[in-house]
Amino acid sequence: MFVCMCYQVTDKDIKRAVSEHGVGNLRELKQHINLGGNCGKCISMAQELIDNYIVDESLFKDVG
């Protein structure tokens, strides 16, 4: 699904940035992906995806 139509950024691009580069917030995401610099409508959805992906990943890590 497209998150940022202005720069053609998908949810998979954001998830990849979180898993491969340890992105945890929008400032870090913007260092790896160009988004949010045009109309800005994608900002809240991008942050929500980052938050959800971090939570989902942490639930499946080995605890012990």
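Rule-based calculations on the coordinates, nothing more; no lab input. On a predicted model such as this, the values are computed, not experimentally measured, just so you know. Don't worry about glycine lacking a Cβ; one is built from the backbone with ideal geometry, like all the others, and counts go over all protein chains shown.
Mind listing whichever residues of segment 1-18 are part of a helix (DSSP H, G or I) and without any contact (Cβ under 8 Å) to a residue 12 or more places away in the chain?
Listed by number, the residues that qualify are Lys12, Arg16.
Among the residues of segment 2-42, the ones that are β-branched (Val, Ile, Thr) and surrounded by fewer than 16 Cβ atoms within 10 Å (Cβ to Cβ) come to 1 in all.
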